[in-house]
Each structure stands twice: as C-alpha cells, then as structure tokens.
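The values are calculated or read from the model by the stated rules, or taken from the named source; none is laboratory data. Predicted, not measured: the structure shown is a model, and the values here were computed from it. Counting neighbours? That spans all protein chains shown, and the Cβs are built from the backbone with ideal geometry, glycine included.
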Amino acid sequence: MAVTYLGEDPTGRTAQNNKGARTYQRKFKLETTSQADGAYAVGSNASLPIIGNAHPEDANAFCISLDVQNTSPWKGWIVTANYSDERTIDDTPTDDAASISWGSEQFQKPAVFDLSGNLIVNSAGDPFDPPAMMDDSRRVVTVEKNLAVVPSWILDYQDAVNSDDFTVDGVSIGIGKAKMQAVTVGARQRRNGTIFRTVNFTIHLQREGWLLDILDAGFRRKISGGRENIRNSGDGELPTAPVPLDGNGQPIDDPTPTNCVFLQFAVYKTRAFSSLPLT
C-alpha cells in the first residue's frame, strides 16, 4: 500500500478578495495503489501543505483546511488546500497571539458618597439605613490564549488583585485596579502534531481599586482593658443606629459628612499580572 504525490494541478488555483479578506485554493493530485488507502493516508502525505503553512504567493495568508476527495474510482485523489488571511495560524498553536476583547458588566453597590465625595446623609445628618443602591459598571477584559497545559496558576490567581503595573492590549493598568474574575480551560486539541488547550480568563477593572471601604461605626467604644456600649449623651439610652467612630474606637461627638472616618481593608490576595499570558 502506498500513496504517490503526483503534483499540483495548475488549473485548480483560485483566489477571491471579499471586502479585503483574501482567500485561495490550490489542488493537488495523488494516487493510491490499494483500496485500503483512505482519506487519512492521502491527506497525511508529506508533500501536501500543512495547516498553518503560508500561501506561496501571499505570506499573510495561511492554510486553514485540507479537503480530500476520491476520484476515478478509488485510485485517484484530489486534495484541495484552502487559505485565508483573516487569521494568522502559526505552525505551533501556542505561538498564536492572545485574542483580547473588551466589555462591561453592571453591578449594584451602596451609595455612600455623592459626586463631590461627600457622605450621603438625611436632613438630620445620619446615613440612610439601609443605604440607597447605585449602578457600579466595571470594564471587563477577556483574554483567550492557547497553552500547552492547564496553567499552574489557575488556583493561585483565584480572585487575585494585581500587585504590579501591567499592560493588556496596549492599555496600562495601575496597581490594585484589576481582579481575576473567571478562568475556563477548553478540552485538549491537536494542531500540526502539537497538543494544546485554549484558556480563557476574565479580568475585571475597577477605577477605585479593590480595597473594601467601610464607614467606621458601631455600638461600642474602646476603653482601657476592653470595650463598652455607647450610650446617647442626652438620655443615656443605647443608640438605635450605629454611631460613627473616629478611627480610634471613640464615638464622634458631632458626626458630619466631613469628619466621618472610612476604614479600608485588603480582602483579596495580590499577584503579579504582568506574568500572565497576555500577548
């Protein structure tokens, strides 16, 4: 059993330019010596183009598929190679550039400050309980990249915030502004003999960063050796709403939007995002 490459059919060459997207076809003749030689053996002939090879006349168009057809009646074969410049496919799938897209997602968060940075309070100067809610839009970056194996960082970066300045798709992202939101890993694939997986990961960007900002307020105050309940200065009764504190565990005598204290907490672990496969 053998497959013989007879050469390219010069009459089978075609080309098309559709709104700037260039496609080509080339046809090749092959012959088998046995009916047991099928499409796999013919399409695997070493003289045929390989998926990812450049077109001989257009270096920016690459072979994207091979169509194998049996003729006359089993001995003759025609293999059609299809080329396109719409997406560059390298010989090694893990060398493909990362595919990056941008979007937005809408969330809700408590409306604590107004546009001028002032605390939102009622006419008596107290925060609303419960607070009103407002839209919280986040920019979302989705990265698709071919990797040889399931990435070792898949668990370590769970809900991680960037500890470094990094660049994605030409945009600089400052420290603490990005958080890893989701990671998916596709099934194993093979191209040109190389096994790979397509990994998608989503990064959420937030202009104010990812520190937890909470009004310093409560029902108890610090005292020497412990804590005690705060009581109203007028009637000595326990307050019915959390009392604003001064950042040191003491109630603010006359809380106003300008003297209330907000505490910040780092609740997400940090990792270097510049080491992620972003290109």
Worksheet item: In the set V143, V79, V68, which member is in contact with a Phe, Trp or Tyr (Cβ under 6 Å, 6 or more places away or on another chain), over 30 Å from T279 (Cβ atoms) and not assigned by TED's automatic domain parsing to the domain that holds A241?
Response: V79
Fill in: Residue selected from segment 177-229 under the condition in a strand (DSSP E or B) and of a type in the set (S, T, Y), by the criterion surrounded by the fewest Cβ atoms within 10 Å (Cβ to Cβ)
T184
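Okay, residues lined up against (1) crowded, with 16+ Cβ neighbours inside 10 Å; (2) without any contact (Cβ under 8 Å) to a residue 24 or more places away in the chain; (3) in contact with a strand residue (DSSP E or B) (Cβ under 7 Å, 6 or more places away or on another chain):
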position	(1), (2), (3)
M1	no, no, no
L6	no, no, yes
T23	yes, no, yes
V42	yes, no, yes
V68	yes, no, yes
T71	no, yes, yes
Discussion item. Exactly one condition in (1) loosely packed, with under 15 Cβ neighbours inside 10 Å; (2) farther than 30 Å from P244 by Cα is false for F166; which is it?
Written reply: (1)
Worksheet entry | Test set (1) surrounded by 14 or more Cβ atoms within 10 Å (Cβ to Cβ); (2) at pLDDT 85 or above; (3) of a type in the set (D, E) - D91 fails condition number | (2)
